[in-house]
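The values are calculated or read from the model by the stated rules, or taken from the named source; none is laboratory data. Please read all numbers here as calculations on a predicted model, not as lab measurements. Note: accessible area is taken over every heavy atom of the protein model, side chains too, but ligands, DNA and RNA are not part of it. Shrake-Rupley method; radii C 1.70, N 1.55, O 1.52, S 1.80 Å.
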Amino acid sequence: MEAASIPTLFTSLSIPTNHTTVGLSNLLASNSQIKSLFHHKRLPDVGWSDIQIQRLLLELSCLDTNCEESVRCQLGNGNNGNGGASTYPHRWTGAGEREGRIYSPLVSSRHYGLGHGIGRSGDVMEAQPKAVGSSALLRLCLRLVLDAVRRGAGLTGLVNKSKKQKQLKNDGGNNKSDVTNNTNNNGNGPASYGTLLPVCTGMSMALVLSGLRDRANQLDKLANQHDASTTNDNNNNNNNNESSKTTTSTERNIVLWSRIDQKSCYKAILSAGLTCIVLPTTTHPTTDEVSTDLNALQVALDKYSHRILAVITTTSCFCPRVPDEVDRVAKLIQGWNSQHCHNGNSDEDNNKRGAGIAHVINHAYGLQCAQTNKLLNRACTIGRVDAIICSTDKNFLVPVGGALILSPNDQVIACISKNYPGRASASPVVDLFITLLSMGLNGYKGILEERRRLVDVFRVKFDALAKKFGERLLDCPRNTISFGITLDNLVIGTDDDKKKNVQITKFGSMLFTRCISGTRIVPTKETKTISGHTFQGFGSSYDDYPHSYVTAACAVGMGEEEMMEFFERLERCWREYVGKREKEVRKKLKQMEIKES
């Protein structure tokens, strides 16, 4: 119903004009908000009400071809015996294998009738002719989340505001230009371009690597063609000097991965059909931190050379692992590429320089940490960064199932989007869209600020609890999300490492049965074999970490009341566990005394 026609229509129902004016003002205000959202493509400062969000979703749903009653499956409706064509009640008829039919009205209501999904077989960000509403929702959601990470989380966006880049920005980085342009960052920030994938962090990593591999093959092919052409020209000119910066036709099938003991990333590399070289970590000389071994990275770069597709670093991890030094890694990779690949000065030369080694950052739940976001900004400024993977559930408090991929390079984003096979589920995008509008920019900044406030309280409480039981807080200042305390004195009555580890693991089980979730118990000298690779000291990301420990996270969404309750329950469980162990030891000693006598 158009606002302009409402006064006339309501007058025909004998509704007083002054009453109509009041109601009409509400509709105009709501329309104005929606118009402003589409015009500015930025998060509203104040979050919307549920009614406002539902109205927009239903209006977008009505733009898809499976709207109105055709959203329900037509099985069993039949006809009236007269052919039924003239009495068919719906505007659209669908004769394809996928028409957005939904059997259950409950399922349809859950998804607001958005049954077509997003993207097409050629590109997850491509618009669908049958689903213009879903397509608009996807593009708008991408713009809102990019605005959130820029103005809320502090990641920088485009630096060069040329006319061409402004156009790319309006398209979310998903343009159709040639894949070979812009092999470096061009000074752009990490949140310059992005795409949304309806899969979790691990599968997103596999898709990112697959997209980078396709892009690398194209860029290296062009560089090799340029080398061959240059060689022919030199031969014709009787100049046989070889360039010191060459590319190679060797297949890029190796990924260097700075070790972090989480299975998803390692499995993602293998799922992409690539070989993973696990780089060792190093311990800090004056703290308990486990971090990047830059020397090991340099050795691996020189050893595997042009066979390397990418280096993967991580910024969100469990204590005592701290975020990789992504800025130094980015600079190291940039320097290596400059020495070993073409390094032309003109745009034409850049098209011939080859792919070089890419840098992918696993920023799974790192958006909530201002400290690591500054690292990303610096990394993009001084070195090579190709893609940054962020989980939607951990950063924006939505159900599991989506990921945001960021990049300073629009062509990287285009390759990743085109690499997604088939259409994609719209559910993770709808969840994120609803949540962003519900939060607004002030709400998003609010939950980030609340987490920052609680971090210091969390650290102090955790340390105080540890001291009560003769333990201490692990000193890992560069990790401001995950915290750990030692468990070196938890087990008594045995010096056998295996028996100690069994008892320490039982303590972790006890915590869960007491309704404490999210903690991680890591004994010493544990081993884990994943797809043929054995990790020594698994859990600590280091072969021989000296402490057993328990970790807990002060993550976005945790409130102060929940935090205090966590520490109370943890202390109760700890005392209960120690009491039981002391009782078991006394019983064992008494049995030994009886046996000896």
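Here is how the numbers come out for the structure above:
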{"quantity": "Rounded, prolate or oblate (a/c below 1.5 giving rounded, otherwise prolate when a/b exceeds b/c) for the stretch 501-597 by Cα gyration tensor", "calculated": "oblate"}
{"quantity": "Cα centroid separation, the stretch 126-148 to the stretch 559-597 (Å)", "calculated": "55 Å"}
{"quantity": "Accessible-area order (highest first, 1.4 angstrom probe) of the listed residues ILE312, ILE382", "calculated": "ILE382, ILE312"}
{"quantity": "Å² per residue, accessible surface of the stretch 357-509 at 1.4 Å", "calculated": "34 Å²"}
{"quantity": "Tensor-based shape of the stretch 329-480 (alpha-carbon gyration tensor, a/c under 1.5 rounded, otherwise prolate or oblate)", "calculated": "oblate"}
{"quantity": "Residues of the stretch 526-597: accessible area per residue with a 1.4 Å probe, Å²", "calculated": "63 Å²"}
{"quantity": "Greater than 19 Å apart at Cα, pairs in LYS499/LYS525; LYS468/LYS580; LYS461/LYS583; LYS267/LYS374; LYS498/LYS528", "calculated": "LYS461/LYS583; LYS267/LYS374"}
